[in-house]
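Written below as structure tokens is the structure these notes are about.
Bear in mind these aren't lab numbers, they're just calculated from the coordinates by the rules spelled out. Note that the coordinates shown come from a computational prediction; the quantities given were computed from them, not determined experimentally. FYI the Cβ positions are ideal-geometry reconstructions off the backbone, even for glycines, and counts take in every protein chain you see.
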């Protein structure tokens, strides 16, 4: 919607401004019927102002890019010609109408004498309208960018908090340390390996927090680090089936987006189940969209119902990064839980190509 | 109880292999105690406890099938329990249900030895099984039970709350009607009512707790009282006070 139509006050101010500008055609007409010429000028100018409101959409569709300057200029020139002719025709028709009053019978002749100047005024008016709308579009864009940035900052902040909570989840650490403590007794080499895996994973999460976007390959490698640590204590119960297209692995996703989802799957789908289904991860790239799917089994008769706080955080981050261009879908069955991420596929390479 | 020189019998319960092996290692250094069996989940723990009659359970809290609190609720009261877990939020509740001790993973051999000393003193003492406390301990604060665990003879039933049609109180027992059968559990109707979601379960009568989603219609039943007719045709009496509660719950 046109921003002026959304605010009645700015629309009235805008039209008032144009009513003032009607002095220009009035002077050009310098008619003997001064009052009639004034009515005519005011009516035509305000009508012009209203009639050119759709230029907003034209300006938005034609951003002022140096590369496309000639295209922009020629389209606006054509539009200026059309609208100034419209302005003249409007003046002529109105003059005929007003000439029905005997005092104003000279108006059509006056308009006829000032055809050239009136066309010029129409073109100048169009230029004014276009300039105004470009300024308006810029302001509007800044306002939206500010709003979007605020949402993004909020989501990032929340994600940061949840990342700290989730990645260095105290229970995860305590359980891992207990495993290490046990391994020292019966498999010291594996205990050392466990320490290294844990350190590598923790360092990975710290590094990931500093970057907004990472290739899916990197994020998944971090998840694998997490899974390797969990496999030490969960043993054969933790099985993972991965199928990732290479094109998908190149795509970028917000860092630490998958990790909480993987951790959820382990916490609710593997650890509390005696003979759990494997965790299945699929990623593919189709038609410019990246789709990542995580599927896990569930405890058929859970002790407690699981809350959705982790999912809400992931959703907030997706919105912050992509607005409405990314979705997170959840399918919850009795014994099956599927999360599907759908986001625009962008890789560093495809950005360069653009 | 046991003769000097004969070690006490321990059942180790944990779903993680490294955790079980750690306890086995620690216990080898404790001459007064010996492991008679190891269980990987709650159900197995109950089965092995019946088979081996241990003096003590070293019991993990978060496990598949039945969790530690549910196991404790179905365990013979003369068996002592030491909880082992990485979660500290259950500690208070562990003592409410008369656990001997509560070990936070990872713990040292000395800490386990200390817990075993406490267990030694407590052996032979009966845990007084207070059902309401167990029920409260078994759920996290602010949430309601999603399932009931009931011992029905030799069988252990895990009943989803949504599978319960209604429950009838009889003194210290409650008969729970679910899945076209009924099972007895040793607790009061009041404690069961307190542990279930009040939006789903309404005390429609002094002796009846009703799952409101089962109600097909309500009919008059003489003397101002009513009768709830369930979808499967069974009847549940409604008292006058119960009718008001039921209407509130159904939004009538």
- So how do A:203, A:60 line up by other beta-carbon neighbours within 10 Å, fewest first? A:203, A:60
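Taking only the C-alpha atoms, wrap a convex hull around the stretch A:168-353 and report its volume per residue in Å³ as a whole number.
Output value, Cα hull per residue: 127 Å³.
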- Query: At what distance in nm do the modelled label points of residue A:57 and residue B:152 sit from each other, each positioned 7 Å from its Cα along Cα→Cβ?
  - Reply: 6.7 nm
- Starting at 0 and stepping by 10 Å, how many percent of the alpha carbon pairs of chain A end up in each bin? 5, 18, 20, 14, 10, 10, 10, 7, 4, 2, 1, 0
- Write down the radius of gyration of the stretch B:8-134 and its Dmax, each obtained from C-alpha positions, in Å. 12.9, 38
- Column: log10 I(q)/I(0), Debye, Cα scatterers of the stretch A:18-111, q = 0.13, 0.16, 0.19, 0.20 Å⁻¹: -0.52, -0.69, -0.85, -0.90
- Item | Cα-based Rg / Dmax (Å) for the stretch B:134-252 | 14.1, 43
- Let me know the Kirkwood hydrodynamic radius for the protein assembly as shown, please, with Cα pairs as the basis and the value in Å to one decimal. 31.0 Å
- Note on the structure: In Å, the C-alpha Rg and Dmax of the stretch A:230-281 are 12.6, 36
- Message: Just want to confirm a number: the relative contact order over the stretch B:8-134, from Cα pairs under 8 angstrom separated by 6+ residues, in percent.
- Response: 22 percent
- Item | DSSP bridge pairs, the protein assembly as shown: antiparallel proportion in percent, nearest 5 | 70 percent
- Please give the contour-minus-distance gain from residue A:73 to residue A:331: 0.36 nm per residue of separation, less the Cα-Cα distance, rounded to one decimal in nm. 87.7 nm
- Message: In Å, what Kirkwood hydrodynamic radius results for chain B from the alpha-carbon pair distances?
- Response: 19.9 Å
- Item | 10 Å Cβ neighbours from other chains, averaged over peptide B:8-21 | 4
- Peptides A:134-147, B:145-158 ordered by average Cβ neighbours within 10 Å, highest first: B:145-158, A:134-147
- Rounded to the nearest 10, the angle in degrees between the Cα long axis of helix A:188-208 and the longest principal axis of the Cα atoms of chain A comes to 10 degrees
- Item | chain A: angle of helix A:69-98 to the longest principal axis, Cα-based, in degrees nearest 10 | 40 degrees
- Query: residue A:284 versus residue B:120, label points 7 Å from Cα toward the beta carbon: distance in nm?
  - Reply: 6.5 nm
- Query: Helix B:17-28 sits at what angle to the longest principal axis of chain B, using alpha carbons and giving 0 to 90 degrees rounded to 10?
  - Reply: 50 degrees
- Modelled FRET efficiency - R0 56 Å, residue A:2 with residue A:312, Cβ distances, 0.05 increments: 0.95
- Whole-Å distance linking the alpha carbon centroid of the stretch A:194-261 with that of the stretch B:20-77 is 34 Å
